[in-house]
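> Questions regarding the structure given below will be posed in turn.
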Amino acid sequence: MTLEASRAGLSGIVIWGLHRDTAELRSIRLPVFSLGALPAGPQRLDKQDALALSSATCGQHVVTAEDFVLADNDGVIFVPLDRAGDVAELAANIRDTERHQAARMQLGTTCRSQSRFDEYLAARRSGVDITFRQHLRSIGGAIEE
């Protein structure tokens, strides 16, 4: 099936379940994202959904041609196509910020220093009810929002 998907021009496969034949999948060189490998292959055959050729269910998500699917070694996300540009911009900002922080760490500025962690601990000791994320927001260091 993976070879057929590759020859049909697909860019990758997302499986809400397990896959088998990992070595063969690698040789086909089409990205396959699943919950893991199982040598025995499928253990059941579910009834095909009536919308199977126009949408796919992956966990609690229904994915259609109106969605953009992104995947890497860390996982898979589904983004409404009309929001893909916004998500890409946000992801690039996070990537750039993290790379800048890592570069500063390589030059000797610790993550604790960059995040002003001592200030956070002092606030907590003084009784201020603040989470680390709230502290990062207050100093302009929250990157995942």
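Just so you know, all these numbers are worked out from the coordinates, no wet-lab data involved. Because the structure is a prediction, the values reported are computed rather than measured. Cβ coordinates were reconstructed from backbone atoms using ideal geometry, including for glycine residues, and neighbour counts include every protein chain displayed.
> Sort the stretch 85-138 into rounded, prolate or oblate with this rule: let a ≥ b ≥ c be the square roots of the eigenvalues of the Cα gyration tensor; rounded if a/c is under 1.5, and if a/c is not under 1.5, prolate when a/b is larger than b/c, oblate otherwise.
Values: a/c = 5.85, a/b = 1.48, b/c = 3.94.
Oblate shape, in that a/c is at least 1.5 and b/c is the bigger or equal ratio.
> Work out which trypsin sites (Lys or Arg not before Pro) in the chain are exposed loop sites (DSSP not H, G, I, E or B, at most 14 other Cβ within 10 Å) and give the longest gap free of them.
48-145
> Given the DSSP H assignment, sum -39500 (n - 2.57) over each helix run of at least 4 residues in the chain and divide by its residue total; what's the result at 222 nm in deg cm²/dmol, nearest 500?
Theoretical 222 nm ellipticity from helices: -11000 deg cm²/dmol.
> Sticking with this structure for a sec: Which distance in Å, rounded to a whole number, links the C-alpha centroids of the stretch 92-121 and the stretch 1-46?
The distance from the Cα centre of the stretch 92-121 to that of the stretch 1-46 comes to 38 Å.
> OK, next. Once P(r) over Cα pairs in 5 Å bins from 0, in percent is worked out from the coordinates, which option in (1) 2, 9, 17, 19, 17, 11, 10, 7, 4, 2, 0; (2) 2, 7, 12, 14, 13, 11, 10, 10, 9, 7, 4, 2, 0; (3) 2, 9, 20, 24, 24, 16, 5, 0 does it equal?
(2)
> Within 10 Å of each candidate Cβ there may be at most 15 other Cβ atoms; applying that plus a DSSP loop requirement, which GluC sites (Glu not before Pro) in the stretch 59-122 survive?
Those satisfying the criteria are 66.
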